[in-house]
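All remarks here apply to the structure that follows.
The values are calculated or read from the model by the stated rules, or taken from the named source; none is laboratory data. Please read all numbers here as calculations on a predicted model, not as lab measurements. Glycine also receives a Cβ, built like all others from the backbone with ideal geometry; neighbour counts cover every protein chain displayed.
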């Protein structure tokens, strides 16, 4: 933001987080800028498919035959998702978990919305399982505001710049999606068709795959790997010790260190400990990550398996089996179907063992693994770089908004 200029003169705001503000700006509480109104129950006015949008703290989720207010308003969460202010212009309804506001003559709704995006909600919301904000607390939150005319100038500039940044974010997000789709396609094709497009094929009688290279075979997972369960009950977690690899550490073939916990092996019955070895594959057995898997590398050892399954390959290359576990024919068309048979996502050793695996000769397995290692590394590097640029763009967007509504930059002459 080096191309922006500061205001000519500043004064102390008297508010720690605001610091110095432009000399001609006012520092006022939210309640001076807008009246905070409670939402209401929507059941009596709910519409099946059309009408006015109904907003909860998580956003719009249904329609109503009537509206509470028609016009510009900033919506603020009362309970649940309290840190996602919304701007609405038109008729709408809010439920009792979402406040709406009636802006005063000295306030521009769009400017107030950008101010609301800078609220440090974690400082104000109740420290409970379900965060909440009261009208009193919201009303006392302080903002720096210029004249109505200048508020419009700031809001118009922010609209233009955030729209541009949002367009970049959308394109980069789509680019990441395409890279991941390409990665998935590469893996699925390689582990189900091989690398030789001229290979002679043969038909097979499985639902999702019609033919495979002639030298390949179809085997049950249980005939290729031993499947064991990790520990049943969680031990006490320590600040240091032996890593316990859980479902939250499993991410599409790789083990993430984020969220890693440590245990003392002496706290776990010896017969329940599954020590992980390089080449073991962790397969998540329940919860949101059910069916995801990750292969154990040398750097992950020594470590202990958490509450999931551990597959130890004996008649197939471990890395090839890991790629197969990520493929559409095995993950999407077999494991994902099995895990949804119960009320909650779940997968057991019997269900995993019954899945079929397409198995090429050992030499072909090694060639496919080498190819996929190189191809996925290139794609993963590009994905990581693009994700980093997404993060930087989001930070830039947030910094621009904060600088604008606290008067750190002068937008009156900005083009």
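Out of region 283-298, which residues are surrounded by fewer than 17 Cβ atoms within 10 Å (Cβ to Cβ) and modelled with pLDDT of 95 or more?
Across region 283-298, the qualifying residues are 297, 298.
Which count do you get for residues in region 191-233 that are in contact with a strand residue (DSSP E or B) (Cβ under 8 Å, 6 or more places away or on another chain) and either part of a strand (DSSP E or B) or under 21 Å from residue 347 (Cα atoms) (or both)?
20
For region 1-19, which positions are under 18 Å from residue 120 (Cα atoms) and either in contact with a helix residue (DSSP H, G or I) (Cβ under 8 Å, 6 or more places away or on another chain) or surrounded by 16 or more Cβ atoms within 10 Å (Cβ to Cβ) (or both)?
Residues satisfying the conditions are 13, 18.
Look through 266, 244, 260 and report the one residue that is in contact with a strand residue (DSSP E or B) (Cβ under 9 Å, 6 or more places away or on another chain), without any contact (Cβ under 8 Å) to a residue 40 or more places away in the chain and in the same structural domain as residue 305 (by TED's automatic domain parsing).
260
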